[in-house]
1. Quick check on P44: is it surrounded by fewer than 18 Cβ atoms within 10 Å (Cβ to Cβ), within 14 Å of the chain's Cα centre (by Cα) and of a type outside the set (K, R)?
2. Is it the case that the range 35-47 has a residue that's over 16 Å from T170 (Cβ atoms) and modelled with pLDDT of 85 or more?
3. On the given criteria, is S46 outside any strand (DSSP E or B), farther than 30 Å from R163 by Cβ and of a type in the set (S, T, Y)?
4. For the structure I just gave you, tell me whether V87 is over 16 Å from the mean Cα position of the chain (by Cα), assigned to a strand (DSSP E or B) and farther than 18 Å from I166 by Cα.
5. Quick one: F74 ticks every box in (1) surrounded by fewer than 10 Cβ atoms within 10 Å (Cβ to Cβ); (2) at pLDDT 90 or above; (3) assigned to a helix (DSSP H, G or I) except a single one, so which number is it?
6. Given (1) at pLDDT 90 or above; (2) farther than 23 Å from A103 by Cα, identify the lone condition not met by L221.
7. Determine, yes or no, whether E94 is in contact with a Phe, Trp or Tyr (Cβ under 8 Å, 6 or more places away or on another chain), surrounded by fewer than 20 Cβ atoms within 10 Å (Cβ to Cβ) and within 30 Å of S161 (Cβ to Cβ).
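The values are calculated or read from the model by the stated rules, or taken from the named source; none is laboratory data. What you are looking at is a predicted structure, and each value in this text was computed from that prediction instead of being measured. Positions of Cβ are backbone-derived with ideal geometry, glycine not excepted, and every protein chain shown enters the neighbour counts.
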Amino acid sequence: MILKRKILAFTALVLVLASIPAMADEWKLAKNMSGIKVYTKKIPGSVLKAVKAEMTVKTSLASLIALMTDFDSFTRWYPQMKVFTCVKEITKLEFYIHIMTDAPWPVKDRDSLCHFKIFQDPADKSINIEYTDLPGILPEEPGIIRVKKLYGLFRFTPVDSDRVLITYETHSDPGGKIPAWMANATTTERPYKIFKNMRKMVMKDKYQNTICDSYRAMNNLN
């Protein structure tokens, strides 16, 4: 009987402890302004926080995909973006991308190679753009730090006939020597600027009146 009680007590303790990480790692609202919400979350084993942003825009899925596959435009609306180049097109829904960002002095600039994939969730018809680190495609450049751990996701979910909920999540390890306070200082402001610029860019006639090849390919798959 004593052994049974000890086993039950130990099991209860394990269940309580197992619930603690889930409670500790919830998204926390860090900024709520101009229709844009930005959340952050601590990641076990990382000094940098993950970030999530949300906003609803009066536009279409076709317009958003037209913007997101206009790779030359990224340097005009994505903060600190120096290079955003398609290294290789696998299909109209899958690309290898080279990114370079301008870091504040005295930190060195960063670059990364990404596997950029577009796919649709059949359940809610959301279109997802996922990018993950892709080593070994291009050699590292002198004076530039290669980001070797990177994950990001843009999700476009239809709200009604003319509105789309945009969700953005990302986390990375920038490598090299960047003080955690400096890296985390931009965690909230950068996605906010990305969304403000994105909302303005997607309203341009170039994207509002375009059905791009990637969107056509997406429809052909469904």
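1. On the way: surrounded by fewer than 18 Cβ atoms within 10 Å (Cβ to Cβ): yes; within 14 Å of the chain's Cα centre (by Cα): no; of a type outside the set (K, R): yes.
In short, no.
2. At the first step, the residues of the range 35-47 found to be over 16 Å from T170 (Cβ atoms) are 35, 44-45.
With modelled with pLDDT of 85 or more added as a condition, the list becomes 35, 44.
Looking through the range 35-47, at least one residue is over 16 Å from T170 (Cβ atoms) and modelled with pLDDT of 85 or more.
3. Working: outside any strand (DSSP E or B): yes; farther than 30 Å from R163 by Cβ: yes; of a type in the set (S, T, Y): yes.
Yes: the conditions hold for S46.
4. Values: over 16 Å from the mean Cα position of the chain (by Cα): yes; assigned to a strand (DSSP E or B): yes; farther than 18 Å from I166 by Cα: yes.
In short, yes.
5. Checking F74 against (1) surrounded by fewer than 10 Cβ atoms within 10 Å (Cβ to Cβ); (2) at pLDDT 90 or above; (3) assigned to a helix (DSSP H, G or I), the one that fails is (1).
6. Every condition holds for L221 apart from (1).
7. Working: in contact with a Phe, Trp or Tyr (Cβ under 8 Å, 6 or more places away or on another chain): yes; surrounded by fewer than 20 Cβ atoms within 10 Å (Cβ to Cβ): yes; within 30 Å of S161 (Cβ to Cβ): yes.
Here the answer is yes, as E94 does meet what is asked.
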